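Below is one structure, written out as structure tokens; comments come after it.
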Amino acid sequence: MPETALLLKLLFTSEPLSIQVHPDDAFARSIGLSNGKTEAWYILSAVAGAKVAVGLDYLCSLAELRTAITDGSIANIVHWYPVHRGDVIFIPAGTIHAIGAGIVLAEIQQHSDTTFRLFDYGRQRELHIENAVAVATVGPRQPQSPPERWSDARLVLTVNPYFALEQIDLAPGSVWTIGAPEETWLLAIEGHAELGPTKLSPGDAVFLQADHANIKAGADGLKALLAYIGPTMNPDALTERSAANYIPRPSTNVPLVPTSPGHAAPEQPEAPNCQS
């Protein structure tokens, strides 16, 4: 698979992940990295009472943030939100955030593993205080635009300078063409489908680039996430076709890359990716 601008991950949390923040492009490049990390989460499942932290409870100064990281009180001033299946959370670079226990989520993000830790629940790993203070937005999260219904089959979850994320809902037996002029990721979350020669089940993902492929929803339909390069949505990302003329068309330029939860690389609480 070619080098990509985006990454698609599945994360499974049995205990809380660290409180952390990611740099924007400008800061990342100032320390020799290619880009920052803006991301979005789609909650696939969550136990009762599961929460994520996004932003702080109140606006504070950089000096107060540094003190809160140093003495551990940062854990008491991040703002926790309950989450449920189907929730979408947008995390712009600079947003202090954390994922609680008991959550399975899909994450679409800029291609970067750069994470600055602010708090790690006593796991004795390095904190990145100065870098975290330099990049963090020291206040509550910004309001998030609600999902927008584009069509019966397409729900636009978030569009930003780096990527667009949609939820697509394909009726049983319906046939569609996925148009992918730039890199495009599809993750099946409910139901089944055939995409070219590839059988899709929940947890399977495929990658397309500079191409298009036909997809036929199974007898139980298909709900999936569709992500591609921003800053605008692609009106031709999904086009309905006649089922009577369906021909399984494989990708021609970039091979399909099926993935499953067994092949995905979940971020474990013990060792999240980190660069300082």
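Going by what's in this entry, would Ala106 be described as under 19 Å from Leu7 (Cβ atoms) and of a type in the set (A, V, I, L, M, F, W, C)?
Answer is yes for this residue.
Set side by side, the residues Gly191, Gly173, Gly221 differ, and just one is assigned to a strand (DSSP E or B), at positive phi and surrounded by fewer than 19 Cβ atoms within 10 Å (Cβ to Cβ), which is Gly221. For Ser151, the conditions (1) over 15 Å from Trp41 (Cα atoms); (2) part of a strand (DSSP E or B); (3) not hydrophobic (A, V, I, L, M, F, W, C) all hold with the exception of (2).
Contact map, the range 145-173: residues that are under 21 Å from Gln110 (Cα atoms) and assigned by TED's automatic domain parsing to the domain that holds His192 paired with residues that are among the acidic types (Asp, Glu) and surrounded by fewer than 18 Cβ atoms within 10 Å (Cβ to Cβ), Cβ distance under 6 Å, separation 6+ or inter-chain. Pairs shown: Val156/Glu148.
With respect to being modelled with pLDDT of 95 or more and over 18 Å from Ile229 (Cβ atoms), Ile129 fits the description.
Matching residues to (1) free of Cβ contacts under 8 Å to residues at least 12 places away in the same chain; (2) touching a helix residue (DSSP H, G or I) at 6+ places or on another chain (Cβ under 6 Å); (3) within 23 Å of Pro161 (Cα to Cα); (4) charged (D, E, K, R):
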{"position": "Thr13", "(1), (2), (3), (4)": "no, no, no, no"}
{"position": "Leu17", "(1), (2), (3), (4)": "no, no, no, no"}
{"position": "Phe27", "(1), (2), (3), (4)": "no, yes, yes, no"}
{"position": "Trp41", "(1), (2), (3), (4)": "no, no, yes, no"}
{"position": "Gly49", "(1), (2), (3), (4)": "no, no, no, no"}
{"position": "Gly55", "(1), (2), (3), (4)": "no, no, yes, no"}
{"position": "Cys60", "(1), (2), (3), (4)": "no, no, no, no"}
{"position": "Asn76", "(1), (2), (3), (4)": "yes, no, no, no"}
{"position": "Thr95", "(1), (2), (3), (4)": "no, no, yes, no"}
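Of the residues contained in the range 130-139, none is found to be surrounded by 15 or more Cβ atoms within 10 Å (Cβ to Cβ) and charged (D, E, K, R). If you go through the range 22-65 and keep only what is at positive phi and loosely packed, with under 15 Cβ neighbours inside 10 Å, you end up with Gly32, Gly49.
Among the residues of the range 2-35, the ones that are out of contact with any Phe, Trp or Tyr (no Cβ under 8 Å at 6 or more places or on another chain), part of a loop (DSSP other than H, G, I, E, B) and farther than 16 Å from Ile96 by Cα come to 8 in all. Flag not set for Arg85, criterion: surrounded by fewer than 18 Cβ atoms within 10 Å (Cβ to Cβ), closer than 19 Å to Ala53 by Cα and touching a residue at least 60 places away in the same chain (Cβ under 8 Å). Screening Ala213 on (1) surrounded by 17 or more Cβ atoms within 10 Å (Cβ to Cβ); (2) modelled with pLDDT of 95 or more shows it passes everything except condition (2).
Filtered by the rule that a residue be under 19 Å from Ser145 (Cα atoms) and either at pLDDT below 95 or not in a loop (DSSP other than H, G, I, E, B) (or both), the range 69-89 gives His79, Trp80, Tyr81, Pro82, Val88, Ile89.
The values are calculated or read from the model by the stated rules, or taken from the named source; none is laboratory data. Please read all numbers here as calculations on a predicted model, not as lab measurements. Ideal geometry is used to build each Cβ from the backbone, glycine not excepted, and the neighbour counts take in all protein chains shown.
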